[in-house]
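Worksheet: one structure, shown below.
The values are calculated or read from the model by the stated rules, or taken from the named source; none is laboratory data. What you see is a predicted model; the values in this text were computed from it and never measured. Heads up, the Cβs are rebuilt from the backbone with ideal geometry, glycines too, and the neighbour counts pull from every protein chain shown.
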Amino acid sequence: DPGEISEVAFQLMNGNPLVSASAVTGALAVKPNAYVSVVQSAGTFTSIPANGGLGDNLNSPFSLDVDPAAPQGYEFTLLLTVTADLYFQKTFDITGRVGLPDFRTHEIGDVYLSVTDQGIIGYMDQGGGQGEGMGPGGFPSDLFVSSFWAGTSSAYICNRDYNGLGSENYEWIVSDPDPNGRVRDLGPVGSDQTFQAVFTDGGHASPLPLVVEQLTMAYEASGLNSFVILEYRLTNNSAAPVPALYTGVYCDFDIGEDSTNNMGGTDFARNMTYLYEPLGHYYGIVLLGGDTPANLTVVNNIFYVFPTSAITDANKFDLLTGTLTHPVGKIADDWSGLASSVMNLEANGGQGVVAYALVFGNNLTQLRNNADAAIAVYSPVAPLTEEVPVKLFRLGQNQPNPFNPVTSIKFTVEKAGPVELAVFDLSGRRIRTLVRDSRNPGDHLVTWDGTDQAGSRVPSGMYFYQLVSGGDSFTRKMTLIK
């Protein structure tokens, strides 16, 4: 933010399949600009294992000084030069932005919760480097992953989460134009502290399209400071109505030192599902606003998460609709929870509102009292954005993925003009340019046969593909197997 000195850390991935990286150091500089300068320019990274291993400089961060006069959204370019094992050196160009972060943390009350601009709650990523999670002040986070879900069928489930194997999906994405897609601190609007973000379903393979305005509200006063309210205002920008859109908030809490010692239950009188550690913390997901629940359920992760490392879209839809429901988890195990409801969205800008509270308590009685306080204090906030434009610039997930030998990539551009679609390896080296020409507005489909620019087969492994058009870019991952 303007006027702050901020610590900066980076995470590096080692794309070498055989050789670990040691003695990794970094030097940070900034391209000449009017507002941002480097204070601490040297950093030391942890050793980085081979074949996709990760390392960071969290214990030796860089720091930046931002001038108080810097405008919100001001962009600048960092130059990070990484040296490893005396013979490797590479400089990365990184775009930074003043203010308007990807996440903010409510921490004015007795409980803290991080919220993001992509529908994911608690953390932006599995590594936990972006976000604080959720927990009572002074305690580590008890939240593993949480997300806002929306779905009309097993073919359309939109969420943003990750699983225990490090795989992430990006179906909710930042809204265009900036800065609508960032998390704004609106101050005391409807609460003591209100954050706003806007995201869309543009990362889904078949977007409706939906625009979601997220308002999150926290309170400082005693009796109101053990929960955070999350309100979602959905806008249907399709020419067709959505007669039954199921929405919900899903939370996987790992409470205490042993997540397999957790339990769960449902309080139908309060429209709440909750999770707890018998001698520890309690957390509830409360459906607010008097809506009729479609489902209030705990989810046994052993059956629905662990077999495939993530809940399948078919099971997600059955959970949203209540086809799968399990109100009580009395056996100590690894549990998660969901509260959901259903709404009807008219075509061409039709809107619906749904709200939840994430509630904390030291015991069940306290949890119920705090849930009652959240129910009593909530009233829908008037829309803060009357119209949110959606840019029709999308890059679909390749199909099939993983693939061998050929995969298809679908992309959409809004305006006629130059388009480039290219494939890169983990080190950032360009492998193949698939498109470099002018394209008309609309959907386009290209294929990649797993060869480089010279026509030679490339090794199996993970690759990135990036779409660039009109100053915008979008990158996804794909895996080639043999």
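Among the strands (runs of 3 or more DSSP E) confined wholly to the stretch 205-295, which include 2 or more residues that are farther than 25 Å from Phe306 by Cα and more than 20 Å from the chain's Cα centre (by Cα)?
227-236, 242-253, 282-287
Suppose the filter is modelled with pLDDT of 90 or more and out of contact with any Pro (no Cβ under 9 Å at 6 or more places or on another chain); does Phe103 pass it?
Here the answer is no, as Phe103 does not meet what is asked.
Across the stretch 437-476, what is the total count of residues that are farther than 29 Å from Lys415 by Cβ and of a type in the set (A, V, I, L, M)?
Looking only at that region, the number is 3.
For the subset of the stretch 144-197 comprising residues that are hydroxyl-bearing (Ser, Thr, Tyr), part of a loop (DSSP other than H, G, I, E, B) and modelled with pLDDT of 85 or more, which member is farthest from Gly396 (Cα to Cα)?
Among those residues, the one meeting the criterion is Ser191.
If the Cβ limit is 7 Å and pairs must be 6+ apart or interchain, which residue in the stretch 325-354 that is of a type in the set (Asp, Glu) pairs with which residue that is assigned to a strand (DSSP E or B)?
Sorted first by the residue in the stretch 325-354, then by its partner, the pairs are Asp333/Asn262; Asp333/Asn300; Asp334/Asn262; Glu346/Asn236.
Restricting attention to the stretch 291-324, and to residues there that are modelled with pLDDT under 95, touching a helix residue (DSSP H, G or I) at 6+ places or on another chain (Cβ under 9 Å) and surrounded by fewer than 18 Cβ atoms within 10 Å (Cβ to Cβ), which single residue is nearest to Tyr250 (Cα to Cα)?
Of everything passing the filter in the stretch 291-324, Thr312 is nearest to Tyr250 (Cα to Cα).
Pull out all pairs, ordered by first then second residue, where Cβ-Cβ is under 7 Å, the residues are six or more apart or on different chains, the first lies in the stretch 73-87 and is farther than 22 Å from Gly3 by Cα, and the second is part of a strand (DSSP E or B) and charged (D, E, K, R).
Listed pairs, sorted by first residue: Val82/Lys90.
Would you call Ala339 of a type outside the set (S, T, N, Q), assigned by TED's automatic domain parsing to the domain that holds Cys251, surrounded by fewer than 21 Cβ atoms within 10 Å (Cβ to Cβ) and modelled with pLDDT of 90 or more?
no
Return yes when Thr44 is without any contact (Cβ under 8 Å) to a residue 24 or more places away in the chain and β-branched (Val, Ile, Thr) and no when it is not.
yes
Take the conditions in the same structural domain as Val242 (by TED's automatic domain parsing) and at pLDDT 95 or above and apply them to Leu80. Does it pass?
No: the conditions fail for Leu80.
Could you check the stretch 33-115 for strands (runs of 3 or more DSSP E) lying wholly inside it with 3 or more residues that are loosely packed, with under 15 Cβ neighbours inside 10 Å?
So the answer is 75-84, 88-97.
Keeping to the stretch 31-52, report how many residues are within 30 Å of Thr479 (Cβ to Cβ) and in contact with a Leu (Cβ under 9 Å, 6 or more places away or on another chain).
Within the stretch 31-52, residues that are within 30 Å of Thr479 (Cβ to Cβ) and in contact with a Leu (Cβ under 9 Å, 6 or more places away or on another chain) number 6.
Please go through the stretch 235-279 and pick out each residue that is hydrophobic (A, V, I, L, M, F, W, C), surrounded by fewer than 18 Cβ atoms within 10 Å (Cβ to Cβ), over 22 Å from Thr321 (Cβ atoms) and touching a residue at least 24 places away in the same chain (Cβ under 8 Å).
Passing the criteria: only Ala239.
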